[in-house]
Amino acid sequence: MANPELPREAADLLGRAGALLRGTRTSAPETQTPGPEALSRLVSLAADGITGCSGASALLWREREPAIFAASHPDLAELAELEGSSGYGPVNAALASGAPVWSADTLDEDRWPGYAAAALARGVRCSVTLVHQAGPVVVTLSLFGARPGQPGPGDPLLARLTVLFGRGTGGAVSGPVRGAAGRPAQIPGTTSS
């Protein structure tokens, strides 16, 4: 997937994301789906490579249950746990729609007031969540910025990641994403990168 127009780090990010997403497309046993290291590396590359991105988190879901989580900063892990316990926020919205979810300015966000307040308390002013589904495996990648509008849709690397994540998502994730006993999903232990 090397592209001479992209810096090496950007090409590495796209290559890692492509490999991770290809791994979700197999119907192989769950031992062959991507592991924590792959998600952690994707998060690290995204946080470092996307213009205006201050941090990132990723979550791999199996059978509508959160299985593997990685975040570039502990505050983002806390934010993911809050969203998982409440059932409201950009990851849940991306899962419901099967499409990217953008929040250009968290200060103006009215779709998830509790989540927005928690995000603002952690310095998050902008976010985008990408979703990719391949059978029973789903990967979400959330990118966070400390300034409104960044990361934003004008970033060429983010645009390529959006297309890459979209190849395999055929709409909303089937069925509700819930944890045991019908409660909102709980985020598994974190792997900080």
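Using θ = phi - 60° and the Karplus form 6.51 cos²θ - 1.76 cosθ + 1.60, what ³J(HN,Hα) does each residue of region 47-56 get, whole Hz, x for Gly and Pro?
4, 8, x, 8, 4, x, 7, 8, x, 8
Can you work out the PRE-style zone for Ala159? Point 7 Å along Cα to Cβ, and I want the residues of region 83-105 with backbone N under 12 Å.
Counting backbone N atoms under 12 Å from the label point, the list is empty.
With r defined as the distance between the Cβ atoms of Arg62 and Glu37 and R0 fixed at 22 Å, what FRET efficiency is calculated, to the nearest 0.05? Mind dumping the intermediate values first?
On the way: r = 17 Å, r/R0 = 0.76.
Here the calculated transfer efficiency is 0.85.
Stick to Cα atoms and the Kirkwood definition of Rh, then tell me Rg/Rh for region 70-113.
0.96
So, for region 47-166, what is the accessible surface per residue at a probe of 1.4 Å, expressed in square angstrom? Can you show the working numbers first?
Working: 4510 Å² over 120 residues.
Here the per-residue accessible area is 38 Å².
As a test question: what accessible area, to the nearest 10 Å², does Glu81 have when a 1.4 Å probe is rolled over all protein chains in place?
Around 90 Å² of this residue is reachable by solvent.
The values are calculated or read from the model by the stated rules, or taken from the named source; none is laboratory data. Because the structure is a prediction, the values reported are computed rather than measured. Positions of Cβ are backbone-derived with ideal geometry, glycine not excepted, and every protein chain shown enters the neighbour counts. Only protein heavy atoms, including side chains, enter the accessible area calculation; ligands, DNA and RNA are left aside. Shrake-Rupley method; radii C 1.70, N 1.55, O 1.52, S 1.80 Å.
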